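Quick note: the coordinates plus some simple rules give every number you see, no bench work behind them. Please read these numbers as outputs of a predicted model, since none were measured by experiment. For neighbour counting, all protein chains shown are included, and Cβ atoms are generated from backbone atoms with ideal geometry for every residue, glycine included.
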Amino acid sequence: MNDRAHGVAAAAFVAAVVRPEVRAQSVYVVAHAEGMVKLDANENAYPLPSAVKTRVAGALAGVPLNRYPDGPAEAVRAALRRALVLPSAHALLLGNGSDELIALVVSMVAQPGACVLAPEPTFVMYRVSSVNAGVRFAGVSLAPDFTLDVAAMLTGIERERPAVVFIASPNNPTGVRYPTADVERLILAAPGLVVVDEAYSAFADDAFLPRVGEFPNLLVMGTLSKIGMAGMRLGYVVGAPEWIAELDKLRPPYNVNALTQAAAVALLADPDWIAVQAAAIRAERSSLAAKLARLPGVTVFPSQANFLLLRMRDAKRVFDALKLRRILVKNVAGGHALLADCLRITVGTPEENDLLISSMTELCK
Ligand SMILES: *Cc1c(COP(=O)(O)O)cnc(C)c1O
């Protein structure tokens, strides 16, 4: 069989067996970023402190790569429990990034008629994971200023009876943290599980995690990605052991690899550096927001995350021009009607932020 005939025959098999929603799905495209000032993915721009790097290097050198990792990753979970000050009544499950945990939560409820609901615009993986699992996804629009439309959410919950409601707070790509009382109302109204995704809580004024024991239908999710360890792929979900036991059945037995486990234990052994970097990012966020807000035609939305959402005239032109200057930001304009002319810009180092400001000053005159 030549290559072309092989391709045609394979496509016929694909059409016969792959679910239509998967065939209609598009691949998550990661922007090419080599040599760029990378302000597109909400990473922490600061490198590890050198003492921490040395500790990690030592830990990695000792990893027996010929062996499978510790399946339940006990040492990592113990270190994370200490770092998060988790009461022993709460159970904790680790994922290969919280992306994996989102997919596990959706697959846990994937049955005919099930629905996943989330306010939108938000983190795209709630929708992507739902579509991939063949689960109906219902998006409820946020208010135009990206605050939670509680009435619309309550109506949506009543209408859809969702098995899971995902609430990212602070939200991505808007940076808005929803009022605790509003989130509480939604948890009380939901007929099923509510997952509060706190990927950005290190940069926020408050967190929901300490309240996880108050609601039997609440899981709180977190990740090390936005606080300096995105390459490691380690996410977690906290909640009642009854929920975590079900998720654990769906988890691939060795989902957190041995290098990640060893590095995580070393990184969390003395986690003060994380709070120091997060504080620096918060301070930079304020000064960056103030400088960008002075540019003509630019609106900066208030953020409790490590990025800013901006609206401006001709966002696409500004995005392209920044890219030509080797500054990569995220054009989120296509993601939702409310995001028209919006760019999401991660807070970088002071030097990176200065570069951004000088380019933006020239581009937004
Ligand atoms: C970045 C992000 C995640 C994904 O985190 P990983 O642990 O890197 O998979 C989850 N939720 C939200 C809201 C995010 O912005």
Quick one: divide the alpha-carbon radius of gyration of the chain by 2.2 N^0.38 Å and tell me what you get.
1.03
So the number of lysine pairs in the chain with alpha-carbon atoms under 27 angstrom apart, 8 or more residues apart or on different chains, is 20
Please arrange Trp243, Trp273 by how many other C-beta atoms lie within 10 Å of their C-beta, fewest to most.
Trp273, Trp243
Mean-square fluctuation maximum in Gaussian network of the chain, Cα pairs under 10 Å, restricted to Ala289, Ala51, Ala240, hits Ala51
Sort all Cα-Cα distances of region 266-365 into consecutive 5 angstrom bins from zero, then give the percent of pairs in each bin up to the one containing the longest distance.
2, 12, 23, 23, 17, 9, 5, 4, 2, 0
Test of understanding: in a Gaussian network model of the chain with alpha carbons linked when under 10 Å, which of Ala83, Ala24, Ala305 would top the mean-square fluctuation ranking?
Ala24
Taking only the alpha-carbon positions of region 53-148 as identical scatterers, the Debye log10 I(q)/I(0) at q = 0.18 Å⁻¹ comes out as -0.98
Order of Tyr236, Tyr126 - criterion: other Cβ atoms within 10 Å of each residue's Cβ, fewest first
Tyr236, Tyr126
Toy charge model, Lys and Arg Cβ at +1, Asp and Glu Cβ at -1: region 213-280 dipole around Cα centroid in debye, rounded to 20, equals 280 debye
Taking θ as phi - 60°, what are the ³J(HN,Hα) couplings along region 245-253 by the Karplus curve (6.51, -1.76, 1.60), each to the nearest whole Hz, with x for Gly and Pro?
4, 5, 4, 5, 5, 8, 6, x, x
Comparing Leu154, Leu288, Leu93 in a Gaussian network model of the chain (Cα, 10 Å), the one with the largest mean-square fluctuation is Leu154
Sequence-separation-based contact order of the chain, relative, with Cα cut under 8 Å and 6+ spacing, percent
23 percent
Alpha-carbon Rg with Dmax, taken over region 98-240, Å:
13.9, 40
